[in-house]
1. State yes or no: is B:Cys68 open to solvent by less than 30 Å² (accessible area, probe 1.4 Å), of a type outside the set (Ser, Thr, Tyr) and part of a loop (DSSP other than H, G, I, E, B)?
2. Any residue at all in region B:132-141 that's without any contact (Cβ under 8 Å) to a residue 24 or more places away in the chain, of a type outside the set (Lys, Arg) and out of contact with any Ser or Thr (no Cβ under 8 Å at 6 or more places or on another chain)?
3. When you scan region B:204-255, how many residues do you find that are at pLDDT below 90 and in contact with a Ser or Thr (Cβ under 6 Å, 6 or more places away or on another chain)?
4. Could you go through region B:178-192 and let me know if any residue there is in contact (Cβ under 8 Å) with a residue 12 or more places away in the chain, away from chain A (no Cβ under 11 Å) and open to solvent by 60 Å² or more (accessible area, probe 1.4 Å).
5. Any idea which of (1) of a type outside the set (A, V, I, L, M); (2) in contact with an Asp or Glu (Cβ under 6 Å, 6 or more places away or on another chain); (3) closer than 17 Å to B:Val4 by Cα is the one B:Cys68 doesn't satisfy?
6. Taking B:Gly163 and the conditions (1) open to solvent by 50 Å² or more (accessible area, probe 1.4 Å); (2) touching a residue at least 12 places away in the same chain (Cβ under 8 Å); (3) not polar (S, T, N, Q), which numbered condition does it fall short on, given that it satisfies the others?
7. Which of the following residues is within 28 Å of B:Thr143 (Cα to Cα) and at pLDDT 95 or above: B:Ile56, B:Ile5, B:Ile105?
8. Let me confirm something: among B:Ile199, B:Ile155, which residue is in contact (Cβ under 8 Å) with a residue 60 or more places away in the chain, within 14 Å of chain A (Cβ to nearest Cβ) and β-branched (Val, Ile, Thr)?
Amino acid sequence: MNISLRQLFGRKPKSSSIAKQRLKLVITQDRLDVDDRFMTRLHHELAEVLAKYFEFSVNSVSMSLKQEGNSYVLVADIPYKKFHDGNARQ
Amino acid sequence: MGKVIVVTSGKGGVGKTTSTANLGTALALLGKTVVVVDADVGLRNLDIVMGLESRIVYTSMDVIDKQCELSKALVKDRRVDGLTLLAASQKNNKDDIQPEQMKAICDKLRSEHDFVLIDSPAGIERGFSNASAGADEAIVVTTPDVSAIRDADRIIGLLQHAGIEPINLVLNRFSPELVGNGSMMDQEDVLDILNIDLIGIVPEDTGVITSTNRGIPLVYEDASPGSQAYMRIARRLTGQRIPIPDLEHKGLLTNIVNWFRNR
C-alpha cells in the first residue's frame, strides 16, 4: 500500500476503488439482466407502498443491487422522518 | 488424450492472440505436444504473431471442405519440437464454419496432442461459439480495466452455461507501478468481481511489442518479465503448483518491513 498525503487527508478516493465499485454495480445488473428503467420503476413503486407506513422524502431513497457470495441482495436505504400514527394510511 | 483449451476474452485487444502464441510455445518448450488453432476466421493473426505467416498452405476451412487432411494442414514450428499451428481462412467469414465442424477438428487434435489451444475471436457471437464448441477448459484473458472486466464477466457466464470447466483467468498488462499508487485495480479487486480462479498475472512488458514485430514469441527470451510469467502459467497448465508472485510495487516502508519479516 502506497498512501500519498492527499489520500491520507481524504481529498480524493483512489481511481482503482471507484473502478471496482462501478464495475460491481454494473456487473450485478448485467448478470441479473436488470436495467436502469427497471430500477427506477422499482424505486417508485416501492416508495408508493412505503409512503403508506411512514413519512420520508422520495429523493432521499437510495437503492442498489449487491452481490454477497453467490446471492444478490437488494439494498434500500430510506431515511424516514416518522412513522404514521396507528394503522397504515389506506 | 490431451486437453482442448479455448483462450478467450470478450473484448478485443487484451492479448488473446499473444497469450495463445506464448502459452503454446511455452508448453512445447516444456516438452509437450501442442497445436495452436486460430479460430478468428476472416481476421486471422495467430500466424503472424508466431512468425509463421509465410508458411501457411492450408487452413481449417480446407480441412472442413475436405480439400486436405487435417495432419497436412498443421504447420510445424521449426524452432521447437512438438508445436504446430492450424491457421484460419482469411477469405471466409465466421458463418462459413459450424460449431460441430470445429468440435470434430478439436476431437481429432485432442487424440494426438497433449494440448490444443484455441485462439478465439473477440465478441460473443458465432466466432466465439465456434471457438468454444470443442473446448474442455477455458482461459479468460483480461486487463485490469473496466471494459475488459465487464466483457470478461459476460464471457465467463457464457462459458459456464456451456458447461466448460475449469475457467481460469489470466490478468494481462498488469502494471505494478499503477497498482502501487492506486490507479489500477489489483488481482484481489479483479478476482472479487469475476469470481474465478487466477492462473497467472502477466506484467506490462514492452518486449511484447518487439517480439510481435519480429514474429518470435516472448517466451524464447528467458529474462523478460512477460516471458517468465507465461512460462509459469504454462507450468501451472501442466499441473505443477507454482505460487503466483506478488508483483505489486509497495512503498519503501512496506518493503523494509517485508524484508525483515521474510528473514
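1. yes
2. Checked against the condition, which is being without any contact (Cβ under 8 Å) to a residue 24 or more places away in the chain, of a type outside the set (Lys, Arg) and out of contact with any Ser or Thr (no Cβ under 8 Å at 6 or more places or on another chain), region B:132-141 yields no hits at all.
3. 1
4. No - not one qualifying residue is present in region B:178-192.
5. (3) is the only condition that B:Cys68 fails.
6. Here B:Gly163 meets the rest and fails (2).
7. B:Ile5 is the lone residue from the list that is within 28 Å of B:Thr143 (Cα to Cα) and at pLDDT 95 or above.
8. None of the others qualify; the one that does is B:Ile155.
The values are calculated or read from the model by the stated rules, or taken from the named source; none is laboratory data. Only a predicted model underlies this, so the values are computations on that prediction, with no experimental measurement involved. Backbone-built Cβ (ideal geometry, glycine too); neighbour counts: all protein chains shown. Protein only, heavy atoms only, side chains kept; ligands, DNA and RNA dropped before computing areas. Shrake-Rupley method; radii C 1.70, N 1.55, O 1.52, S 1.80 Å.
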